[in-house]
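The values are calculated or read from the model by the stated rules, or taken from the named source; none is laboratory data. Quantities reported herein were computed from a predicted structural model and do not represent experimental measurements. Heads up, the Cβs are rebuilt from the backbone with ideal geometry, glycines too, and the neighbour counts pull from every protein chain shown.
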């Protein structure tokens, strides 16, 4: 069974009097353990697709099945639970909480999952160590480099053992050298069996994945494996 | 996530948010400090006023009825004119009451006049002289400090003896015992047989008075005085029945036709209390309303700053929602932040109110009671929750996609 199953997913927005069709009946399956890149120019609908995949938004048409549950029928709070349990987000601008140190940032999903403080700390410390930041746990985001911040974000995304790692332009705010490091980290995570979805407009970033889905005008333009 | 963990997390987050914006938090808190301070001081003042009033009428026993020509409290010109027409209360009426009352423990006639007093070279130009019977302590609640009260025999025969109030005793007799000494009241000699205990705070006390047998009083000072008949009820629970019985006895004695109004007044402590509570209640309501406005303004300040805080942290809210914070969690986070700011304000206000109350004590028996402190803290927290609710609600309902897109 597919981990992700989108069937005829549509998303319309009301922009004043105009109705914008961001996605038009997109059907898509992603299996557990895949490493997928979603590409497309701005306005193509790839961000909308990512928001839907990440359960941040709900479709106006079609069904979305994630890990066996019908996400398109859930309410706000249930979606929050699904996001907490099933999805790890990695953002272009890292989106760490500026006043909290690395440890606290990584702990946050565990807080919302209701894990007791002691256990939470253990898990978070282990995750930070696994991304190579064992010696930076009490640094605040502004005391870390871009690459280190993104590693904290990766640790935060992984800490709840989600089904999907969802990365939106993960290297967009990094210099090319750190970008490569982060992509290497993704590679490693993929090898460990994590399902990774990367949204990007950089061909070079997309080439690291195993499958590239190109979106144009709200439709899937192509869906091909990466030939290495 | 259970509620307690959420609460603890909310507190942690709020604390760091408050610390991150120190100046802003201080300024916002100031509004609440002023609001809570004024409300607290107002409450304390009202309580003090109440207490000082209750003290001032404490010598009027609650179980005693006072029959007199006029009502103690005349509320209108008409009442006053009416009461002027009432006949004086007379001695035969006292006797009728004493004879006919079944619910009375004691019935005492009291006549009162102001006269000068002299003892050797010392004296006073005006003291209260009460003419009454040996029953007087029963209705007035007086106790004798030294010597004794007037005896029944003295009252019946009208001997020229007297019992004097504490202040009078200390003023006229500096270091000697007044017992057995003779003082001159309006030129008539009276032998002192007793000194009363100090009554103190009450406004209607006998500290500067001389009490003489009624017979002697009638003979010496006033032949036809205006009496007050003091009637002590046997049972405080039957005070209303006692009052009705007393009224019936008087109406019968005065031959008042059914349906006609009383031409006498039966007074009791309740009247004072009732009037006072009405006045104090109004003052209190108006005062609390006005000071409440200050708190309201403080609350608006909180609401305003919470809106700013929510707007500033839109992205943070987006991130929190993305990683699994529910609406309730976000709502609680901001509510706790608002409540914390207000609670801190409340605590500061009480720390200021405390010395302020000590200053106030110079004018009235005001104390910062635990009740007021508790209420102030509760009200401040409530202000926070109420004024924080709208901003927090807005934060809780934010769409994560829009919130994350916010720069």
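For the reader, a short list of remarks on this structure follows.
- Tally of residues being closer than 19 Å to residue B:320 by Cα and more than 11 Å from every other protein chain (Cβ to nearest Cβ) across the range A:102-122: 3
- Residue check, residue B:392 out of contact with any strand residue (DSSP E or B) (no Cβ under 6 Å at 6 or more places or on another chain), in a loop (DSSP other than H, G, I, E, B), buried (at least 20 other Cβ atoms within 10 Å of the Cβ) and away from chain A (no Cβ under 14 Å): no
- Test: residue B:365 is away from chain A (no Cβ under 14 Å), under 30 Å from residue B:327 (Cβ atoms), in contact (Cβ under 8 Å) with a residue 60 or more places away in the chain and touching a helix residue (DSSP H, G or I) at 6+ places or on another chain (Cβ under 8 Å): no
- Within the range B:328-340, the presence of at least one residue that is touching a residue at least 40 places away in the same chain (Cβ under 8 Å), surrounded by fewer than 18 Cβ atoms within 10 Å (Cβ to Cβ), within 14 Å of chain A (Cβ to nearest Cβ) and more than 20 Å from the chain's Cα centre (by Cα) is confirmed.
- Every listed requirement among (1) surrounded by fewer than 20 Cβ atoms within 10 Å (Cβ to Cβ); (2) touching a strand residue (DSSP E or B) at 6+ places or on another chain (Cβ under 9 Å); (3) closer than 23 Å to residue B:12 by Cβ is met by residue A:92 save one, (3).
- Listed by first and then second residue, the pairs with beta-carbon distance under 7 Å, at least 6 apart or on different chains, first residue in the range B:140-166 and closer than 23 Å to residue B:118 by Cα, second modelled with pLDDT under 85 and crowded, with 22+ Cβ neighbours inside 10 Å, are B:165/B:206.
- Residue, farthest from the other protein chains (Cβ to nearest Cβ), within the range B:4-17, restricted to residues that are more than 43 Å from the chain's Cα centre (by Cα) and either outside any helix (DSSP H, G or I) or over 12 Å from residue A:111 (Cβ atoms) (or both): B:17
- Taken over the range A:37-52, the criterion of being at negative phi and within 14 Å of another protein chain (Cβ to nearest Cβ) is satisfied by A:42, A:46, A:47, A:48, A:49, A:50, A:51, A:52.
- Odd one out for residue A:184, checked against (1) more than 26 Å from residue A:3 (Cα to Cα); (2) away from chain B (no Cβ under 14 Å); (3) surrounded by fewer than 18 Cβ atoms within 10 Å (Cβ to Cβ): (1)
- Residues being in contact with a helix residue (DSSP H, G or I) (Cβ under 6 Å, 6 or more places away or on another chain), surrounded by 14 or more Cβ atoms within 10 Å (Cβ to Cβ) and in a loop (DSSP other than H, G, I, E, B) - total across the range B:202-248: 3
- Flag if residue B:312 is within 14 Å of chain A (Cβ to nearest Cβ) and free of Cβ contacts under 8 Å to residues at least 24 places away in the same chain: yes
- Applying the set (1) free of Cβ contacts under 8 Å to residues at least 60 places away in the same chain; (2) farther than 19 Å from residue A:53 by Cβ; (3) more than 14 Å from chain B (Cβ to nearest Cβ) to residue A:189 leaves exactly one unmet item: (2).
- Subset of the range A:1-55 (residues that are under 18 Å from the mean Cα position of the chain (by Cα) and free of Cβ contacts under 8 Å to residues at least 24 places away in the same chain): A:51
- Sole exception among (1) more than 14 Å from chain A (Cβ to nearest Cβ); (2) part of a helix (DSSP H, G or I) for residue B:73, by number: (2)
- Just one of the listed residues (B:307, B:296, B:272) is surrounded by fewer than 21 Cβ atoms within 10 Å (Cβ to Cβ) and within 30 Å of residue A:94 (Cβ to Cβ), namely B:307.
- The set of residues in the range B:18-41 being more than 10 Å from chain A (Cβ to nearest Cβ) and farther than 18 Å from residue B:381 by Cβ consists of B:21, B:22, B:23, B:24, B:26, B:27, B:41.
- The one condition in (1) over 15 Å from residue B:38 (Cα atoms); (2) within 24 Å of the chain's Cα centre (by Cα); (3) crowded, with 20+ Cβ neighbours inside 10 Å that residue B:291 fails to fulfil: (1)
- Selection count where residues are touching a helix residue (DSSP H, G or I) at 6+ places or on another chain (Cβ under 9 Å), assigned to a loop (DSSP other than H, G, I, E, B) and free of Cβ contacts under 8 Å to residues at least 60 places away in the same chain, scope the range A:73-101: 7
- Restricting A:144, A:128 to residues that are away from every other protein chain (no Cβ under 14 Å), free of Cβ contacts under 8 Å to residues at least 40 places away in the same chain and over 17 Å from the mean Cα position of the chain (by Cα) narrows the list to A:128.
- Inspection of the range A:53-72 identifies at least one residue that is assigned to a helix (DSSP H, G or I), at pLDDT 90 or above and within 13 Å of chain B (Cβ to nearest Cβ).
- Filter result (surrounded by fewer than 21 Cβ atoms within 10 Å (Cβ to Cβ) and farther than 26 Å from residue B:372 by Cβ) within the range B:38-65: B:59, B:61, B:62, B:63
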